[in-house]
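Shown next, in structure tokens, is the structure this report addresses.
The values are calculated or read from the model by the stated rules, or taken from the named source; none is laboratory data. Keep in mind it's a predicted model, so treat the numbers as computed, not measured. Every residue, glycine among them, receives a Cβ derived from its backbone with ideal geometry; neighbour counts consider all protein chains shown. Accessible surface areas use protein heavy atoms only, side chains included; no ligands, DNA or RNA. Shrake-Rupley method; radii C 1.70, N 1.55, O 1.52, S 1.80 Å.
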Amino acid sequence: AGKSQKKNTGSRSVSASRKPETENAITNEIILIGVFALCVLFFLCNFGIIGPVGNAVSGCMFGIFGMIAYIVPILIFGGLAFGMSNQGNFFADLKIVASVVLLLLVGVVLELVGGQVSSMEKYSISLLYTVSAQTKAGGGVLSGSLAYLMNHFLGMVGAVLLVLVLAIICLVVITEKSF
């Protein structure tokens, strides 16, 4: 019974004083810095100043995204930063989805105007990839596939009308302004 008990006076060790929110913020910042560096690297690859590996990365990006590959690294970083700063916000998530759809629609327009879809008799993912990677034009595999489906099933006029309506909906969601 002669044991003395120490009272906890509120002083804690450094590791115990960190709150989960602080650790989460530091983790998010580290992720954001890493993604920023990667996006800058990808952006520079598109202009052929990173060397042979950069040219291979650029060819892959243009094959997948088409002409919008120039802005994809910027939008990836912006979307990630926006998403991290608005975690748990349904409307922020909706805006990110609408932005991705709008980006794909821009690629569809680029494919319909300057890509291979209008001359394709049957769907060829390898043709879409190869032509976009070599010419740095069109919509790449992602938007080119959507453009092919729209053009094949709706015709050029129907595809343009669908793209226009979807783009307006995306802009209304993103800006929260009435059309």
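If I filter the range 82-119 down to residues being among the hydroxyl-bearing types (Ser, Thr, Tyr) and under 23 Å from VAL35 (Cβ atoms), which single residue comes out as nearest to the chain's Cα centre (by Cα)?
SER99
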Checklist entry - (1) assigned to a helix (DSSP H, G or I); (2) free of Cβ contacts under 8 Å to residues at least 24 places away in the same chain; (3) open to solvent by 30 Å² or more (accessible area, probe 1.4 Å): which one isn't true of GLY155, the others all being true? => result (3)
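Do we find that ASN46 is over 30 Å from VAL157 (Cβ atoms) and open to solvent by less than 60 Å² (accessible area, probe 1.4 Å) in this structure?
For ASN46, the condition - over 30 Å from VAL157 (Cβ atoms) and open to solvent by less than 60 Å² (accessible area, probe 1.4 Å) - is met.
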Next on the checklist: Being closer than 18 Å to VAL173 by Cβ, outside any helix (DSSP H, G or I) and open to solvent by 50 Å² or more (accessible area, probe 1.4 Å) is the filter here; which residues of the range 75-124 pass it?
Outcome noted: ASN89
Next on the checklist: Would you confirm whether or not the range 93-109 contains a residue that is touching a residue at least 12 places away in the same chain (Cβ under 8 Å) and of a type in the set (Asp, Glu)?
Outcome noted: no
Item to check | Cross-chain or 6+ apart pairs with Cβ under 6 Å, the range 158-174 first and without any contact (Cβ under 8 Å) to a residue 24 or more places away in the chain, then open to solvent by 50 Å² or more (accessible area, probe 1.4 Å) | outcome: ILE168/PHE179; VAL172/PHE179
Checklist entry - Hey, any hits in the range 142-149 for a residue that's assigned to a helix (DSSP H, G or I) and surrounded by fewer than 16 Cβ atoms within 10 Å (Cβ to Cβ)? => result yes
Checklist entry - Is it the case that some residue within the range 125-137 is assigned to a helix (DSSP H, G or I), closer than 20 Å to GLY59 by Cα and of a type in the set (Phe, Trp, Tyr)? => result yes
